[in-house]
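Down below is the structure, laid out as structure tokens.
Coordinate-derived values only; no laboratory data. Keep in mind the model is a prediction, meaning the values are calculated, not measured. All Cβ positions, even for glycine, are placed from backbone atoms using ideal geometry, and neighbour counts span all protein chains on display.
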Ligand SMILES: [Cu+2]
């Protein structure tokens, strides 16, 4: 009886810790964005843009309303990609002047990166789109 209760408690704690761990990492990304320049990084309406310049996405954290189409433009001579961590979208290689657009219809946090210069989890050349309902 007591052992069963302990096991259930351990399982519950493990699940909670896992959930918290995931939430914490995405919260940190958003918190960083909010303290930098929330007004400039907010976008209302149906379109928003992200500049790719000097091996970085600008703004690196963008908050949009659901239904907004985000267009990335590569202004670097180097080729870049816009690749979602969760595989939702992938631009393929963008040459200088190339654009890639994606419409975010669902609320959530969408981390992305450049395949040649970054990786999942915000490593290197990466950004985050936060979609609010
Ligand atoms: Cu790149």
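Here segment 94-113 is the region considered, the condition is being in a strand (DSSP E or B) and within 12 Å of the ligand (Cβ to nearest atom), and the residue that is surrounded by the fewest Cβ atoms within 10 Å (Cβ to Cβ) is 94. Among the conditions (1) surrounded by 14 or more Cβ atoms within 10 Å (Cβ to Cβ); (2) away from the ligand (no atom under 12 Å from the Cβ); (3) within 18 Å of residue 47 (Cβ to Cβ), the only one that residue 128 does not satisfy is (3).
When residue 116 is tested against (1) in a strand (DSSP E or B); (2) surrounded by fewer than 16 Cβ atoms within 10 Å (Cβ to Cβ); (3) more than 11 Å from the ligand (Cβ to nearest atom), just one condition goes unmet, and that condition is (3). I'd like the full set of residues that are within 12 Å of the ligand (Cβ to nearest atom) and touching a residue at least 24 places away in the same chain (Cβ under 8 Å), limited to segment 49-74. Within segment 49-74, 52, 55, 56, 57, 72, 74 meet the criteria.
Take residue 88 and tell me if it is away from the ligand (no atom under 13 Å from the Cβ), part of a loop (DSSP other than H, G, I, E, B) and surrounded by 13 or more Cβ atoms within 10 Å (Cβ to Cβ). Judged against the criteria, residue 88 is a match.
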